[in-house]
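**Q** Have a look at the structure that comes next, please.
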Amino acid sequence: MMEILAVLGLPLAGGALLALWGHEKWAPELNSMASFCTFIASILLAWKVLVSGSMVVLNEQFFIDSFNVFLVVLTAFVAFTTTLFSRPYMRNEAVLSSLSNYQLRLYHSMYQIFCFTMLLALTTNNLGILWVAMEGATLATVLLVSLYRTRESLEAAWKYFILCGVGIAQALFGTILIYFASEKVLGAGGTALLWTHLDAAKGSLEPTVLSIAFVFLIVGYGTKVGLVPLHSWLPDAHAEGPTPVSAVLSGLLLNVALYAVVRCKILVEGALHNRFADDLMIGFGLLTVLTAAFLLWRQKDIKRLFGYSSIEHMGLMTFAFGIGANFAGLLHMTVHSLTKSAIFFSVGHAVQRSGTQTMEAIRGLIKFPAIGWGLMLGALAILGMPPFGVFTSEFLILTHAMQSHPWSTPVLLIALGVAFASIFGKVQSMVWGEPAGKELLHAQASLPILLHLAMVLLLGLYIPPYLARWYSEAARLIG
Amino acid sequence: MALSSQFINLLASILLLLAFAMLSQRRIRSLIRLFMVQGMTLAVSTVVIASTTNQSHLYYSALLTFSLKVVILPWILFRMIRQLNVEWDVETLINIPSTMLVGIAIVIVSFNLALPISHLAGTITRSTIGIAMACVLLSLLMMITRSKAISQVIGFLSMENGLFFAATSTTYGMPMVVELGVALDVLVGVLILGVFFFQIREKFESLDLKHLEKAEEE
């Protein structure tokens, strides 16, 4: 219980402090410190779950099991390494884009509040609070996307707010329908929206209502996952916001939204006893993978390119959970989040050096080893090259698909092939060639890039037994 | 019982009419007034449901609705349009007759969609679920057809009203903690949008979103 309070309280307190002192010289360090403490608290929480199993605390409002505690640790970890990257990055930005004190306070404070909403969404036991936290995450990031106040960024933020707001309103309707069905079984009042109670009674929930509810929920939370055709906010928001925000949007927020979909899927599956929810996820997943892969080809902006790559991978995960390859899906969540944030770290510094996000104008990154190699290896990893971890998870998803849904394999292979051709060619021309650009005022943060890539490499070569046990346990919970 | 149930049905039909009125209203000031009336109707219907079914927590949510949607949000919106000097702005781009026709189609679809749900509902208000769904979808239509940022936001808020009505009419309201959370999100959302409007205004010298360059769709 103490651990949960720490995990949620630390980012909240950090957000409050940074709202006051976010413009000070030492604010980036305070930001890192808050995230580091959150990370430690999340480790303690995970340790407790590992020792004593899943737990329900604080008047049953919070529920921790193997499935969400692993995402809590991942979220806290990537949030921490992103603050390490954000230290030199935002110091450079403050000069390059001449950010005001107000903007710096806003950035640092909202970063922590954003982490808080994600951790709240992961740990809450109440489907209603899950919705509130997801909407809170949108609100916290909308002003971050428009931080630079350029025309494009305002437009991107507006699109982000309206599309995600409309989407998430559909999810609220789905939640109301679930409450409507559960209230008959569990009685009115506070417990009828608690996930643990719903899970225990899922067999007796009214199937028609739950199937309608799931359609609204997958459309609603799916908007935040970036599922096609509701994805159009995602590339804009990734391209226009500051790069640390792109990194946490891609690496964390999309995972949390997918987590919400999967949690609801468990309930709907238990009530329906058929493959309706799975089939919806397979359909959305495949459509997303395929569309995103072909759109990758036409990108000119480096951050939009990797935004579309995130859409593609989220589609792949949705597909994996749909066909029941839960182990592979969870592994893919982990490696995608580590790799994609490492890529955005390199991209952020590359863009600062070249002064542009247009890929044609970025050349010769290899002269700055951490950036050039970081981008090259990160791109190879995200494209599923062995020996990186993405290869392992994609391989597992593909073999599972071959067994259960053989017709889907060629579709996936085509999509992965097209994605490879588009991204690899573009990254290659940026990494090699005559270097151009200027020196950075503050040296780049190489540590987070190397750390993430090393972890992805390790996960590709060898998954430690306790981690594997953890994934299997979580995969079993998803069912 | 019969009388109050008729009264609720009357209020529900007023909500539906208001949704159509908003759909066809070109003036921003009148739009905010309609939004106020909608909030008021919602609060009254919640009180009626609360008194006939003895659900005491509904009184609190009626109070919450009244203070948020009749007092605070309209006050913020009125202040905003005064400061932005768009008080007398008129939407010129909408084609009212065809929007109305689409709206009628939406109402028919939502009544069909709500049919299986209202059969299952045991609440005295079950016949209004179709109306709640129609209000949500009509607000969505309004957001799609409008080009001014403020009208889109009012569409968004009235969609939230529709959802709230759906919650009270299907289940006598969500648990209090969730309602408070939703209300907080709505309030924070509107405040953030306020900041946002000024930024848009500063950059584009207009709040008309048609001036935004069309975002590349690829």
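**Q** Of the conditions (1) out of contact with any Ser or Thr (no Cβ under 9 Å at 6 or more places or on another chain); (2) within 28 Å of A:G355 (Cα to Cα); (3) away from chain B (no Cβ under 14 Å), A:R87 clears all except one; give me its number.
**A** Answer for A:R87: the failing condition is (1).
**Q** Got at least one residue in the range A:39-52 being over 23 Å from the mean Cα position of the chain (by Cα) and of a type in the set (S, T, Y)?
**A** Yes: the range A:39-52 contains one or more residues that are over 23 Å from the mean Cα position of the chain (by Cα) and of a type in the set (S, T, Y).
**Q** Taking the residues in the range B:128-149 that are of a type outside the set (D, E, K, R), at pLDDT below 85 and within 16 Å of A:F161 (Cα to Cα) as candidates, determine which candidate is surrounded by the most Cβ atoms within 10 Å (Cβ to Cβ).
**A** B:A149
**Q** OK, next. Hey, among A:L287, A:L305, which residue is buried (at least 22 other Cβ atoms within 10 Å of the Cβ) and out of contact with any strand residue (DSSP E or B) (no Cβ under 6 Å at 6 or more places or on another chain)?
**A** Residue meeting the stated conditions: A:L305.
**Q** Here's another thing I want to ask about it. If I filter the range B:180-194 down to residues being among the hydrophobic types (A, V, I, L, M, F, W, C) and within 7 Å of another protein chain (Cβ to nearest Cβ), which single residue comes out as surrounded by the most Cβ atoms within 10 Å (Cβ to Cβ)?
**A** B:V182
**Q** Are any residues in the range A:208-241 in a loop (DSSP other than H, G, I, E, B) and either in contact with a Leu (Cβ under 6 Å, 6 or more places away or on another chain) or basic (K, R) (or both), and if so, which ones? It would help to see each step written out before you state the result.
**A** Filtering the range A:208-241 for residues in a loop (DSSP other than H, G, I, E, B) gives A:226-232, A:241.
Answer for the range A:208-241, where residues must be in a loop (DSSP other than H, G, I, E, B) and either in contact with a Leu (Cβ under 6 Å, 6 or more places away or on another chain) or basic (K, R) (or both): A:G226, A:V228, A:G241.
**Q** Looking at B:S30, B:S45, which is the one that is at pLDDT 85 or above, in a helix (DSSP H, G or I) and within 24 Å of B:L180 (Cβ to Cβ)? Talk me through it step by step, then tell me what you get.
**A** Details: B:S30 fails: within 24 Å of B:L180 (Cβ to Cβ).
None of the others qualify; the one that does is B:S45.
**Q** Let me ask something else. Among the residues of the range B:162-179, which ones are surrounded by fewer than 24 Cβ atoms within 10 Å (Cβ to Cβ), under 17 Å from A:I168 (Cα atoms) and more than 7 Å from chain A (Cβ to nearest Cβ)?
**A** B:E179, the sole residue that qualifies.
**Q** With a cut-off of at least 2 residues that are more than 29 Å from A:L96 (Cβ to Cβ) and in contact with an Asp or Glu (Cβ under 9 Å, 6 or more places away or on another chain), name the helices (runs of 4 or more DSSP H) lying wholly within the range A:285-385.
**A** Once the helices (runs of 4 or more DSSP H) in the range A:285-385 are filtered for at least 2 residues that are more than 29 Å from A:L96 (Cβ to Cβ) and in contact with an Asp or Glu (Cβ under 9 Å, 6 or more places away or on another chain), what remains is A:302-323, A:326-354.
**Q** Within the range B:92-101, can one find any residue that is small (G, A, S), loosely packed, with under 13 Cβ neighbours inside 10 Å, over 25 Å from B:I144 (Cβ atoms) and at pLDDT below 90?
**A** The answer is no, given that none of the residues of the range B:92-101 is small (G, A, S), loosely packed, with under 13 Cβ neighbours inside 10 Å, over 25 Å from B:I144 (Cβ atoms) and at pLDDT below 90.
**Q** Now, a different point. What do you reckon, is B:S147 away from every other protein chain (no Cβ under 11 Å), among the polar types (S, T, N, Q) and under 16 Å from the mean Cα position of the chain (by Cα)? Step through it out loud before you land on a result.
**A** Working: away from every other protein chain (no Cβ under 11 Å): yes; among the polar types (S, T, N, Q): yes; under 16 Å from the mean Cα position of the chain (by Cα): no.
No; evaluated as a whole, the condition is false for this residue.
**Q** Hey, another quick one. Which residue out of A:L154, A:L193 is within 8 Å of chain B (Cβ to nearest Cβ), touching a Pro at 6+ places or on another chain (Cβ under 7 Å) and within 23 Å of B:D185 (Cα to Cα)? Steps first, please.
**A** On the way: A:L154 fails: touching a Pro at 6+ places or on another chain (Cβ under 7 Å).
It is A:L193.
**Q** Also, I was wondering about something else. I need a count of the residues in the range A:54-99 that are assigned to a loop (DSSP other than H, G, I, E, B) and touching a residue at least 12 places away in the same chain (Cβ under 8 Å).
**A** 7
**Q** Just checking, how many residues over the range B:102-124 are under 19 Å from the mean Cα position of the chain (by Cα) and at pLDDT below 85?
**A** 1
**Q** Follow-up. Restricting attention to the range A:405-447, report how many residues are within 21 Å of A:D279 (Cα to Cα), surrounded by fewer than 14 Cβ atoms within 10 Å (Cβ to Cβ) and more than 25 Å from the chain's Cα centre (by Cα).
**A** 3
**Q** Which residues, taken from the range B:7-27, are part of a loop (DSSP other than H, G, I, E, B) and in contact with a helix residue (DSSP H, G or I) (Cβ under 6 Å, 6 or more places away or on another chain)? Break it down stepwise before answering.
**A** Residues of the range B:7-27 that are part of a loop (DSSP other than H, G, I, E, B), as a first pass: B:25-26.
Scanning the range B:7-27 gives a single hit, B:Q25.
**Q** Within the range A:271-283, can one find any residue that is in a helix (DSSP H, G or I) and within 14 Å of chain B (Cβ to nearest Cβ)?
**A** yes
**Q** Next question. Let me confirm something: among A:I176, A:I162, which residue is surrounded by fewer than 24 Cβ atoms within 10 Å (Cβ to Cβ) and within 11 Å of another protein chain (Cβ to nearest Cβ)?
**A** From the options A:I176, A:I162, the qualifying one is A:I162.
**Q** Next question, about the same structure. Among the residues of the range A:183-210, write down those that are of a type in the set (S, T, Y) and modelled with pLDDT of 90 or more. Write out each step before concluding.
**A** Just the residues of the range A:183-210 that are of a type in the set (S, T, Y), to begin with: A:191, A:196, A:204, A:208.
A:T196, the sole residue that qualifies.
**Q** Moving on. So how many residues does the range A:115-159 have that are in a helix (DSSP H, G or I) and either in contact (Cβ under 8 Å) with a residue 24 or more places away in the chain or on the phi > 0 side of the Ramachandran plot (or both)?
**A** Total meeting the criteria: 28.
**Q** Another question, if that's okay. Looking at B:S56, B:S61, which one is within 14 Å of another protein chain (Cβ to nearest Cβ), of a type in the set (G, A, S) and surrounded by 18 or more Cβ atoms within 10 Å (Cβ to Cβ)? Give the derivation first.
**A** Details: B:S56 fails: surrounded by 18 or more Cβ atoms within 10 Å (Cβ to Cβ).
On inspection, the qualifying residue turns out to be B:S61.
The values are calculated or read from the model by the stated rules, or taken from the named source; none is laboratory data. Every value quoted in this text rests on a predicted model; they were computed, and no experiment measured them. Positions of Cβ are backbone-derived with ideal geometry, glycine not excepted, and every protein chain shown enters the neighbour counts.
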